[in-house]
Amino acid sequence: MLPLITAAAQPDKKTLCPEVKIEAERLSDLTIPRAGHELFYVNGEFVVAGGHTNGFVPTPTAEYYKDGKWHQMQMVYNHDYGFSVVLESGKVLLGGGCEQPIGIGQTYLAELYDPVSHTFNGFGSMEQKRTGATGLELDSGKVVISGNWYHNDGIEVYNGQKQFTYIKDATIGRSHPYILRTAKDDAIIFGTEGIKGDTIQWTADRLKGDTLHIPFFEKWHPMNVSHHRNAESFIGDEAKGLYAYLIPVIDSIGQVAIAKVENGEFSLLPTTCPVPMQSQWEPIFYSLPVIVDQKAGRGYMIGISGDFRSNPEKANRYYILCIDYAQAIEGQPAPLTLYYTDPLPTICDTPPILDENGNLLIAGGMLHHSNFTPSAYVWLLHVGQQPAKAAEAISPWKMLLLVLAIVAITLAAWLWRRKRHTPETVITEEHPTQADEEADPSDEANIELMRRMRELMETRKLFQNSNLKLNDLAIALHTNRNYISKCISNVRPDYTFAQFINEYRLEYAKKLILNNPERKINEIFLEAGFSNEQTFYRIFKISTGMTPKEWKEAQSV
């Protein structure tokens with residue numbers, strides 16, 4: 001049996017989460033590669049609907065899995081990055097999505113899927129055209145809909161009779177928001193990402209009532225998880241008026257935890273060990289919602305190889321964090337178990353769906369984190385037959401390796417703390433950013449985050465990605481974009497994320513110019529990560545007072 005702690009206590013940082021290997025069974029491929037699609041399990045069948053295929057082109061098709069293969073169906077509309085809601089009636093509401101290829105625009109369109117007849121019925125339009133929305137059915141059968149991408153956000157309700165009613169504007173525009181019931185016919189709406197990918201304030205809208213400030217978010221922030229259905233995270237009991245959900249949250253230094261939201265009240269779910277951020281091989285990257293198996297009293301959160309976003313071709317293993325929430329009685333924590341697969345030919349960062357046997361299916365998604373190359377792979381992760389507890393899962397030698405790793409990390413942290421008290425007087429080309437000592441020495445979180453940012457830039461050279469966004473760096477560091485911005489501004493009050501990245505690009509370009517005199521400038525600026533020649537020349541001259549050619553000639557004198 002796993003050790004238990006009191007509810008008031010925090011998990012011991014030295015407590016290791018048990019690791020258990022599971023089978024990943026490859027099922028028949030989808031009929032076409034897909035990403036941005038909807039995946040649900042209705043009438044005993046897996047169904048994928050909409051999304052886009054090769055070339056980032058929307059597809060108005062769906063397919064269901066039966067007798068060991070996928071059968072294609074024709075939809076009425078395209079729903080690429082739309083939303084779906086599995087209704088109590090057994091039908092599925094689908095709506096919104098991108099209007100054009102490569103993710104452009106939004107649509108009003110809505111349709112219903114009947115799993116008995118395998119048919120789609122287009123019946124009208126929403127009040128607001130949407131991409132990146134979320135829907136949730138209330139006890140009354142009405143569906144609350146909110147969220148958008150690069151377009152105004154508002155809250156509307158589908159009445160179950162093929163009609164939509166606009167309720168009110170969203171206080172803050174959100175993309176892929178969380179929508180959670182707080183009562184029989186009420187819900188709260190919140191999230192971390194704005195309609196243009198920006199970080200938004202930690203507030204929540206209510207279907208009925210005024211905007212809420214949530215103090216819990218000052219310490220733990222909801223993870224930005226896209227393309228999810230919050231009904232699949234439900235752990236409550238409608239008959240008893242208990243509306244409870246599990247959601248993933250993250251703190252300022254990148255530690256993930258599980259929050260319980262009960263009738264609108266937020267709290268941290270006590271667990272026997274911290275959510276593992278590192279396996280016996282590599283860091284773990286979490287970006288997906290908690291999927292709940294109510295019959296088993298367990299929740300699952302998918303993780304993948306930690307450098308998936310920065311180096312997706314290296315990612316080849318799924319991790320499934322099992323949360324035995326039903327075992328967490330009052331005063332006792334929930335046991336955690338980390339399941340893992342063997343290395344697989346390919347993995348995708350896309351939400352799974354639970355089948356009637358308690359197993360998880362993952363179908364399609366983006367290959368190598370590119371919308372232009374979707375996947376047709378289908379994996380069935382066999383978690384349903386795993387024992388509820390697995391303390392014996394880690395062999396003694398693996399446990400020893402993990403303990404040694406913890407000791408090494410602790411020693412490295414001690415050495416770093418000693419080093420930070422030694423002033424750095426020279427900023428080399430390998431360290432183009434300001435020394436950590438320029439940050440407030442009392443703000444250890446900022447100092448540590450800056451160290452991690454610099455290490456990531458120097459080892460993985462993320463700056464070479466010309467499309468690198470603040471959100472990408474936040475994901476790679478398992479932290480929040482707002483904390484990265486604040487960390488950079490603490491180093492220099494007038495410093496921006498773009499300047500931080502461009503300094504690395506500039507120093508790398510200088511090295512290329514010196515070490516490869518025969519190479520053309522238009523090759524060098526692209527390899528360094530600059531998106532265009534004009535920006536490169538402008539930043540180069542601001543920094544050096546010379547053009548690249550003049551600077552190159554000056555170095556040879």
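The values are calculated or read from the model by the stated rules, or taken from the named source; none is laboratory data. It should be emphasised that the depicted structure is a prediction, and the values quoted were computed from it without experimental measurement. Cβ: placed from backbone, ideal geometry, glycine included. Neighbour counts: every protein chain shown. Heavy atoms of the whole protein, side chains included, go into the accessibility calculation; ligands, DNA and RNA do not. Shrake-Rupley method; radii C 1.70, N 1.55, O 1.52, S 1.80 Å.
Below 11 angstrom from the Cβ of residue 46, what's the summed charge of the other residues (Lys, Arg +1; Asp, Glu -1)? Once positives and negatives cancel, what remains is -3.
Can you tell me the FRET efficiency between residue 382 and residue 102 if r is taken as the Cβ-Cβ distance and R0 is 35 Å, rounded to the nearest 0.05? Write down the numbers at each step before the final one.
Numbers: r = 36 Å, r/R0 = 1.04.
Once rounded, the FRET efficiency stands at 0.45.
Using a probe of 1.4 angstrom and keeping all protein chains present, the accessible surface of segment 442-494 works out to 44 square angstrom per residue. According to the square roots a ≥ b ≥ c of the eigenvalues of the Cα gyration tensor, what is the shape class of segment 37-167, taking rounded for a/c under 1.5, prolate for a/b larger than b/c otherwise, and oblate for the remainder? Note, shape of segment 37-167 comes out oblate.
About its Cα centre, how strong a charge dipole does segment 152-209 have in debye, to the nearest 20, once Lys and Arg get +1 and Asp and Glu get -1 at the Cβ?
In debye, rounded to 20, segment 152-209 gives about 200.
Calculated from the alpha-carbon coordinates, segment 332-383 shows an Rg and a Dmax of 13.4, 47 Å respectively.
Each Lys and Arg adds +1 at its Cβ and each Asp and Glu adds -1 at its Cβ; summed about the Cα centre, segment 185-232 shows a dipole of about 80 debye.
Rolling a 1.4 Å probe over the heavy atoms of the protein chains gives segment 79-120 an accessible area of 37 Å² per residue. Positive end of the dipole of segment 1-160 (Cβ unit charges, origin at the Cα centre): among 102, 131, 145, the Cα lying farthest that way belongs to 102. Applying both filters, DSSP loop and at most 16 other Cβ atoms within 10 Å, to the trypsin sites (Lys or Arg not before Pro) of segment 158-225 gives 162, 184, 196, 208, 219.
Accessible surface of segment 25-117, 1.4 Å probe: 49 percent of it comes from carbon and sulfur atoms. Of the trypsin sites (Lys or Arg not before Pro) in segment 460-557, the ones in a loop by DSSP (not H, G, I, E or B) with at most 13 other beta carbons within 10 Å are 469, 519, 520.
For segment 81-118, applying the loop criterion from DSSP together with a ceiling of 15 other beta carbons within 10 Å to the GluC sites (Glu not before Pro) yields 88.
When the pairs 69/260; 219/295; 129/168; 219/486; 21/469 are compared against a 26 Å limit on Cα-Cα distance, 69/260; 219/295; 21/469 fall above it. Across segment 319-326, coupling constants 3J(HN,Hα) worked out from phi with the 6.51/-1.76/1.60 Karplus curve, θ = phi - 60°, read 10, 10, 7, 9, 10, 7, 5, 5 Hz, and Gly and Pro carry x.
Rg(Cα) of segment 218-372 divided by 2.2 N^0.38 Å? Normalised by 2.2 N^0.38 Å, the Cα Rg of segment 218-372 equals 1.03.
Is segment 258-301 rounded, prolate or oblate when judged by the Cα gyration tensor, a ≥ b ≥ c being the square roots of its eigenvalues, rounded requiring a/c under 1.5 and prolate requiring a/b larger than b/c? Taking the square roots of the gyration eigenvalues as a ≥ b ≥ c, segment 258-301 is prolate. FRET efficiency for the pair residue 201 and residue 242, taken as 1/(1 + (r/R0)^6) with r the Cβ-Cβ distance and R0 = 25 Å, rounds to 0.30.
Other residues within the sphere of radius under 14 Å centred on the Cβ of residue 548, judged by their own Cβ, net out at +3 (K and R +1, D and E -1).
If r is the Cβ-Cβ distance from residue 553 to residue 459 and R0 is 30 Å, what FRET efficiency results, to the nearest 0.05? Efficiency, from the Cβ-Cβ distance: 0.40. Here's how it looks for residue 234: its modeled amide H is under 5 Å from those of 292, which are all 5 or more places away or on a different chain. The charge dipole of segment 52-184, taken about its Cα centre with unit charges on the Cβ atoms of Lys, Arg (+1), Asp and Glu (-1) only, comes to about 160 debye. Here the Karplus curve 6.51 cos²θ - 1.76 cosθ + 1.60, taken at θ = phi - 60°, turns the phi angles of segment 499-515 into couplings of 5, 4, 6, 5, 5, 5, 4, 5, 5, 5, 5, 4, 4, 4, 5, 6, 8 Hz, with x standing for Gly and Pro.
When Rg and the Kirkwood Rh are both derived from Cα coordinates, the Rg/Rh ratio for segment 104-201 amounts to 0.98. Counting 0.36 nm for each residue step from residue 72 to residue 370 and taking away their Cα separation leaves a gain of 104.9 nm. Based on the alpha-carbon gyration tensor of segment 443-557 and its eigenvalue square roots a ≥ b ≥ c, which shape applies: rounded if a/c is under 1.5, prolate if not and a/b is larger than b/c, or oblate? Prolate, because a/c is 1.5 or more and a/b exceeds b/c. A simple spin-label model places pseudo-atoms 7 Å from Cα toward Cβ; at residue 544 and residue 498 they are separated by 2.2 nm. Between residue 54 and residue 469, full extension at 0.36 nm per residue minus the direct alpha carbon distance yields a gain of 147.0 nm. Rg and Dmax of segment 187-234, both derived from C-alpha coordinates alone, stand at 11.4, 28 Å.
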